[in-house]
1. Net charge within 14 Å of Ser35 by Cβ-Cβ distance, Lys/Arg positive one each and Asp/Glu negative one each, not counting Ser35 itself?
2. Please give the length that would be gained between Asp31 and Thr53 if that part of the chain were fully extended, namely 0.36 nm times their separation in residues minus their C-alpha to C-alpha distance (nm, one decimal).
3. Through the Karplus equation 6.51 cos²θ - 1.76 cosθ + 1.60, θ set to phi - 60°, convert the phi angles of region 127-133 into ³J(HN,Hα) values in whole Hz; use x for Gly and Pro.
4. Using a basic spin-label model with each label point 7 Å from the Cα along Cα→Cβ, how many nm lie between Leu39 and Ser129?
5. Would you please report the Å³ per residue occupied by the convex hull of the alpha carbon atoms in region 88-145?
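Quick note: the coordinates plus some simple rules give every number you see, no bench work behind them. Since the structure is predicted, the reported quantities are computational estimates derived from the model, not experimental observations. Counting neighbours? That spans all protein chains shown, and the Cβs are built from the backbone with ideal geometry, glycine included.
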Amino acid sequence: MFDRAYGGPDSLRDDEMDLDNADRSSTATPDDLRSATGLRNAVLSARHWHNGTLYSKASTHVGNSLVYYYADGIAASDPIPGSIKYIYRPKDGTITYAIQRQVPASNGTLDPFRHYPDIPAKLYSSQLSDSLDLVRPDWVVAQYARWVMHADYAVVMSLCQVSIFCRLPRLYS
């Protein structure tokens with residue numbers, strides 16, 4: 001019953017978009033996505049199943065949209081937390097996420113988690129950036145939990161410790 005309500009391994013095959021919640025044909029892309037991609041049309045979806053994990057756009061399920069990813073796919077860089085705003089497929093068929101970055105806390109803000117390097121949590125602004133990063137599903141490292149503790153701040157906590165395959169850098173040195 002849970003899988004039927006929220007989607008489970010049988011609801012989508014790996015690397016398949018949720019076509020029940022997608023416009024099966026190309027539609028006009030939203031303005032912010034069009035300015036980031038230059039695409040006039042794309043197939044938009046609510047969900048995408050990739051490597052055993054269900055990802056969703058934020059308007060479908062916020063928790064499944066919160067991801068750490070490598071900007072431009074550069075694994076040598078630190079992963080960035082962000083929220084998937086769009087899941088789309090252009091004419092070439094490559095599924096891509098358009099992600100809004102979690103904005104860092106303002107300069108001078110003391111992060112209470114800096115004293116606990118073994119806890120994968122960090123203080124950020126509660127806001128997301130207005131710009132979109134275009135991210136391939138393979139560039140996603142892990143999901144994270146976000147708790148907006150104040151109008152200005154949110155705690156971001158990596159969920160990668162549940163996987164032996166997750167490799168996030170230490171948040172503090």
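1. Numbers: positive: Arg34, Arg40, Lys85; negative: Asp31, Asp32, Asp130, Asp133.
The answer is -1.
2. Working: separation 22, 0.36 × 22 = 7.92 nm, distance 2.85 nm.
Difference between extended and current length: 5.1 nm.
3. Here the 3J(HN,Hα) series is 8, 10, 5, 7, 7, 10, 9 Hz.
4. It is 1.9 nm.
5. 107 Å³
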